[in-house]
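Asks: Below is one structure. I have some questions about it.
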Amino acid sequence: MLTKRIIPCLDVKNGRVVKGVSFVELRDAGDPVEAAVAYDAQGADELVFLDITASHEERKTIIDIVERTAANIFMPLTIGGGINTIDDIRALLHAGADKVSINTAAVNNPDFIREASERFGSQCIVVAIDAKKKKDGAGWEVFTHGGRTETGLDVIEWARRVTKLGAGELLLTSMDEDGQKNGYDLALTRAVSEAVSVPVIASGGAGNLTHLRDALIEGKADAVLAASIFHFKEHTIKEAKEYLTGEGIPMRPNTPA
Amino acid sequence: MIAIIDYDMGNLRSVQKAFEHIGAEATVTREAKVIANASHIVLPGVGAFKECMKNLEAYDLIDPILKATASGKPFLGICLGLQLLFEESEEHGFGETLKGLGIIKGRVKGFTPTPGKGLKVPHMGWNSIKKKKDSQLLKDIDDDSFFYFVHSYYALPTDEAVTLTTTDYGIDFTSSIESDNIMACQFHPEKSQDVGLKLLKNFKDLD
């Protein structure tokens, strides 16, 4: 049976993990490769690096990080942030990434999703959707630029559209809940998960293990993305998997069965 | 020397790095001579079936692959590299079928999404295998071990005896095959952490 996935996400800026991680003793808490190796050892199911480097020139550092990560860990790796061209995708995949996550570029030019998925296959094209509750309470709107720019697009319609264009997976972040640690937006997660036939990763709001459970059961998500609850020793991946298994959710055991 | 066939489709570095990690010498190549002289041959592949076949033709790789599979040397297809071995695929077929390499009899068919049952397409994530026969490729790998999958199509071999493992995704589909020297897996051993590396090591140790 296909298992649900736990995906730690590392924000990387200019080649360094933002705020660092402290869930294990690392020689260098800011080194994304060291953090990736530690998560691999813990039994994470996939990893996401979100590159929030501002300037284009410094973006080469992410390629170097992907290359070093791919030489050391053998699990799926997704890279998001600042991906605008077919060449950006090719460079990341060639360096050892398995998937790329596209956000603003997809909103600016939806045809980019079709082009990218035809060229590289849907399996490696993740569309990231940043969602905020609409002011009138009727659903959610797509935002870009870290929640600063409204697009006028309805999240459910957009999710359906990008799936038709070839997205193989959706990374759905609630901008209302992100960083709040009060739990994922379950209504949003469920609405999107039921609207599309591709896997949905829930993101934004995880503060404890119950929140992961709720996103997978009530939110019907296929995977949960989390950052701070794992980065700062609050919980280990192993604890999370044991808890979720106990809740009847199919998880991959840490050691082979 | 392991030859990893490069036809400009996807992430070959991971496959190469995984082999290097287990102490094998692996080269990424599209030269017929290098493939002919290799001790082991790997056909990776992600993306679209049609594009992959087109690129194999464009790089004159079909003949070297047919020679390699006929040579008796260990040959491993990964993901689309499994599907390409079959006779035809319905991928993007709209009624028309796409021709594959035809090395293994059978065809490639799409999963039907049934979101109500939680069956999304692509089949993406960690799923377990059931062994259908003994194989050196699965030495020290337990039944129900988890591997990483990402695919929307699966192979239906004409001869069930080639099926090495099956995996449950609404149906029990063939998740790996073995026919003499020709082996292939639908999952990604190079992305399946320790158990995947073990499979690659078993492949490397074949002669």
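Any read-out appearing in this document is the output of simple, stated calculations on the displayed coordinates, not a laboratory observation. Keep in mind that what you see is a predicted model, and the values were worked out from it rather than measured. Heads up, the Cβs are rebuilt from the backbone with ideal geometry, glycines too, and the neighbour counts pull from every protein chain shown.
Asks: How about segment A:156-247: which trypsin sites (Lys or Arg not before Pro) there are in a DSSP loop, with at most 13 other Cβ atoms within 10 Å of their Cβ?
Replies: Answer by residue number: A:Lys233.
Asks: Within segment A:15-59, which residues have the backbone N less than 16 Å from the label spot 7 Å out from B:Asp194 along Cα→beta-carbon, could you tell me?
Replies: A:37-45, by backbone N distance to the label point.
Asks: Give the long-range amide H neighbours of B:Ser175: residues separated by 5 or more places, or on another chain, with amide H under 5 Å away, using H modelled in the peptide plane at 1.01 Å from N.
Replies: Close amide H contacts, sequence-distant or interchain: B:Thr165, B:Thr166, B:Thr167.
Asks: Okay, next question. State whether segment B:105-147 is rounded, prolate or oblate according to the following rule on the C-alpha gyration tensor (a ≥ b ≥ c being the square roots of its eigenvalues): a/c under 1.5 gives rounded; otherwise a/b larger than b/c gives prolate, and the remaining case gives oblate.
Replies: On the way: a/c = 3.28, a/b = 1.65, b/c = 1.99.
It is oblate, given that a/c is not under 1.5 and a/b is not larger than b/c.
Asks: Right, something else. Placing unit charges on C-beta atoms (Lys and Arg positive, Asp and Glu negative, everything else neutral), compute the dipole magnitude of chain A about its Cα centre in debye, rounded to 20.
Replies: 200
Asks: Then there is this: Which far-off residues, 5 or more places away or on another chain, put their amide H under 5 Å from the one on A:Asp176, with H placed in the peptide plane?
Replies: It is A:Lys133, by chain and number.
Asks: Just to check I understand the Karplus step: with θ = phi - 60° and J = 6.51 cos²θ - 1.76 cosθ + 1.60, what whole-Hz values come out for segment A:133-138, glycine and proline as x?
Replies: With coefficients 6.51, -1.76 and 1.60, one gets 4, 5, 4, 7, x, 8 Hz.
Asks: Could I ask something else about it? Estimate the FRET efficiency between A:Ser197 and B:Asp8 by the formula 1/(1 + (r/R0)^6), using the beta-carbon distance for r and 25 Å for R0, to the nearest 0.05.
Replies: Rounded to the nearest 0.05, the efficiency is 0.30.
Asks: Short version: ³J(HN,Hα) in whole Hz for each residue of segment A:178-186, in order, from phi by Karplus 6.51 cos²θ - 1.76 cosθ + 1.60 (θ = phi - 60°), x for Gly and Pro, what are they?
Replies: 4, x, 7, 6, 9, x, 5, 7, 6
Asks: How many nm is it between the label spots at B:Lys117 and B:Val28, if each spot is 7 Å from the Cα in line with the beta carbon?
Replies: 3.8
Asks: Residue by residue, what Karplus-based ³J(HN,Hα) values in Hz, rounded to whole numbers, does segment A:111-118 have, using 6.51, -1.76 and 1.60 with θ = phi - 60° and x for Gly and Pro?
Replies: Ordered by residue, 3J(HN,Hα) equals 5, 4, 5, 4, 4, 5, 6, 5 Hz.
Asks: From the Cα gyration tensor of chain B, with a ≥ b ≥ c the square roots of its eigenvalues, which class applies: rounded if a/c is under 1.5, or else prolate if a/b is larger than b/c, or else oblate?
Replies: Because a/c hits 1.5 or more and a/b fails to exceed b/c, chain B counts as oblate.
Asks: Taking the Cα centre of segment B:1-69 as the origin, how large is its charge dipole in debye, to the nearest 20, when only Lys and Arg (+1) and Asp and Glu (-1) carry charge on their Cβ atoms?
Replies: Numbers: 7 positive and 9 negative charges, 20 e Å.
Charge dipole of segment B:1-69: 100 debye, to the nearest 20.
Asks: Oh, and also: With a cap of 10 neighbouring Cβ atoms within 10 Å, and only residues DSSP puts in a loop, list the chymotrypsin sites (Phe, Trp or Tyr not before Pro) found in segment B:1-98.
Replies: Within segment B:1-98, the qualifying chymotrypsin sites (Phe, Trp or Tyr not before Pro) (loop, at most 10 other Cβ atoms within 10 Å) are B:Phe94.
Asks: Next question. Would you pull out the residues with amide H under 5 Å of A:Ala128's amide H, same chain only if 5 or more places away, H placed 1.01 Å from N?
Replies: A:Ile102, A:Asn103, A:Leu171
Asks: When a/c is below 1.5 the answer is rounded, else prolate if a/b is larger than b/c, else oblate, so apply that to segment A:5-246 with a ≥ b ≥ c taken from the square roots of the Cα gyration tensor eigenvalues.
Replies: On the way: a/c = 1.59, a/b = 1.10, b/c = 1.44.
Here segment A:5-246 falls in the oblate category.
Asks: Could you compute the longest span of chain B free of trypsin sites (Lys or Arg not before Pro) located in DSSP loops and having at most 14 other Cβ atoms within 10 Å, not counting the site residues?
Replies: Of all site-free stretches, the longest is B:1-104.
Asks: Another question about this same structure. Averaged over its residues, how many other protein chain Cβ atoms are within 10 Å of peptide A:111-122's Cβ atoms? Spell out each step's value before the answer.
Replies: Working: counts 0, 0, 0, 0, 0, 0, 2, 5, 4, 7, 15, 6.
So the per-residue partner count for this stretch is 3.
Asks: How much length would be gained if the chain were fully extended between A:Asp28 and A:Ala138, taking 0.36 nm per residue of separation minus their Cα-Cα distance, in nm to one decimal?
Replies: Contour length minus the Cα-Cα distance gives 35.0 nm.
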